[in-house]
Ligand SMILES: Cc1cc2nc3c(=O)[nH]c(=O)nc-3n(C[C@H](O)[C@H](O)[C@H](O)COP(=O)(O)OP(=O)(O)OC[C@H]3O[C@@H](n4cnc5c(N)ncnc54)[C@H](O)[C@@H]3O)c2cc1C
Ligand code: SF4
């Protein structure tokens, strides 16, 4: 597997949520009420048995605690760090109703899974060879979770990715103060510990790519599509081609797996109001840019990014220009300023305009959907760029399954893991029913 250089720009970031030591973990675990029909477990998309794993920490049974987590979520280490727990498990903890601090489930999950990594505890073995094979497109969380589940059932798996780095956005997209790329790759190694997960990297699949879908189908008994989302969306305004105007996800990937020189940037601007925009402003600030501004067409109250993340960004000194929309990026060879329109509550121009000086612009207004890749594949339905599946990830073409961002339109790592896992279970049923090696 490709190793990352130590000279990555993301290396400057410290962990924003320091880990518990053993004492802190046991004290926090002992606060848990071990609820039956626990709302935290219901809120977790992978339905980890949270009361059970917490109880095992409280009773000094950390090895089995981690097992409980990995049984439901093999990417439980990264999810402990990157999940928006405030709106999932922690947000549902009964202590919120009692005006007491909720149990820090993410930090406890991190404590147990870090111990498993540090001690090399592996819990799963590949099943007996089924004689069947599955080709998975994309090496992100959805495919990794699916591949692990398929190996548990003895199926051969090959993951194809057009990049040379494994892990998808978990490796090259999520904010480094939550999870750095090298830690994401350590998790990939852990998942591969089951043995027999093969890769063909630098191998795009689909029209115009290295491998056609026909060729993929001819190689395998079933197919899983987990190719995520596409390029950053662009704005249709003059000056988009100026140097210094970039897609935010593209920039984040360069910063996470490589190094970016920002020494000349005094003021950076991020356009957008979602979670990628909030990550981007915090990352730029963390990389040492003195002034960072968010430009968003909505109001602060209606931004789609998580309010707890935006609150943290404000504490770090990020400014925002609400109800504002770029009309043009201005400059010579490089961008020097953005001409913006002020918008009203209906997001219509008020007639007022203003200009912000800036040396760097990141566009964080969404990513394209890749459904068009499979438009020619008979039986695979696409709706607004998303691949249509049933609740178990089956498409309309027998043996073809899909999950993760390419089906849900872009959610969280934990959703991709669950969808990959469910699809793998359904593929196992399909392959078993098919019979004969
Ligand atoms: C900037 C950013 C920050 C995020 N932060 C968080 C966070 O903090 N917490 C959280 O839970 N979620 C976060 N997410 C969302 C999360 O990363 C995704 O939901 C998750 O990674 C989706 O997994 P996936 O496997 O479906 O797709 P991806 O992770 O996108 O993986 C898809 C893989 O498919 C490959 N691929 C694409 N096309 C082809 C092709 N034609 N042939 C072969 N391979 C192909 C890609 O190279 C990629 O490796 C973030 C997303 C972004 C953009
Ligand atoms: S809801 Fe809170 S108290 Fe109840 S089991 Fe979950 S973490 Fe423990």
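Each value in this text was obtained by applying a stated rule to the coordinates, not by laboratory testing. These numbers were taken from a predicted model, which means no experiment stands behind them. We place every Cβ from the backbone using ideal geometry, glycine too, and count neighbours over all the protein chains shown.
Relative contact order for region 245-363: 29 percent, from Cα pairs under 8 Å spaced at least 6 residues apart, divided by residue count. Rg/Rh for the chain stands at 0.98; both radii use Cα atoms, and Rh follows the Kirkwood definition. Distance from the Cα centre of region 322-385 to that of region 121-174, in angstrom? Using only Cα atoms, the two centres lie 34 Å from each other. Of all DSSP-defined beta bridges confined to the chain, some 35% are antiparallel rather than parallel. Running Debye on region 383-437 with equal point scatterers at the Cα sites and no solvent, what base-10 log of I(q)/I(0) appears at q = 0.17, 0.21, 0.24 Å⁻¹? Debye output, listed in q order: -0.51, -0.72, -0.88. Whole-percent P(r), region 13-119, all Cα pairs, 10 Å bins from 0: 16, 54, 28, 2. Under the criterion of Cα pairs below 8 Å and six or more residues apart, the relative contact order for region 31-108 equals 31 percent.
Can you say what percent of the DSSP beta bridges in region 245-363, counting only those with both residues inside, are antiparallel? Round to 5. Walk me through the numbers before you get to the answer.
Working: 13 of 28 bridges.
If we restrict to bridges inside region 245-363, about 45 percent are antiparallel.
If you fit an axis through the alpha-carbon atoms of helix 181-192 and take the longest principal axis of the Cα set of the chain, what angle between them do you get, 0 to 90°, nearest 10? Once rounded, the angle reads 20 degrees.
Legend: ranking of residues 155, 47 from fewest to most surrounding C-beta atoms inside 10 Å; resulting order 47, 155. Residue exposure proxy: 255, 98, ordered by other Cβ atoms within 10 angstrom of their Cβ from fewest to most, comes out as 98, 255.
Remark: C-alpha extents of region 1-51 on the principal axes read 48, 28, 19 Å, sorted largest to smallest. The label point for residue 217 and the one for residue 16, both projected 7 Å from the Cα toward the Cβ, are 4.4 nm apart.
Inter-part distance, region 181-216 to region 48-109, computed on C-alpha centroids, equals 29 Å.
Report the relative contact order of the chain, percent, no decimals, based on alpha-carbon pairs under 8 angstrom and at least 6 residues apart. Computed over the chain, the figure is 17 percent.
Kirkwood hydrodynamic radius of region 156-289 from all distinct Cα pairs, in Å?
About 17.3 Å for region 156-289.
Roughly how many whole Å is it from the C-alpha centroid of region 393-417 to that of region 302-320? Using only Cα atoms, the two centres lie 30 Å from each other. Once both axes come from the Cα atoms, what is the angle between helix 105-119 and the longest principal axis of the chain, in degrees from 0 to 90, rounded to 10? Between the helix axis and the principal axis of the chain, the angle is about 60 degrees. Our compactness index for region 176-224, the C-alpha radius of gyration over the empirical 2.2 N^0.38 Å, is 1.54. Evaluated on region 245-363, the Kirkwood hydrodynamic radius is 14.4 Å, with distances taken between all distinct Cα atoms.
Angle of helix 248-257 to the longest C-alpha principal axis of the chain, folded into 0 to 90 degrees and rounded to 10: 60°.
The order of 194, 57, going from fewest to most other C-beta atoms within 10 Å of their C-beta, is 194, 57.
How much mean residue ellipticity at 222 nm does the chain get from its helices, if each DSSP H run of length 4 or more adds -39500 (n - 2.57) and you divide by all residues, to the nearest 500 deg cm²/dmol?
-10000 deg cm²/dmol
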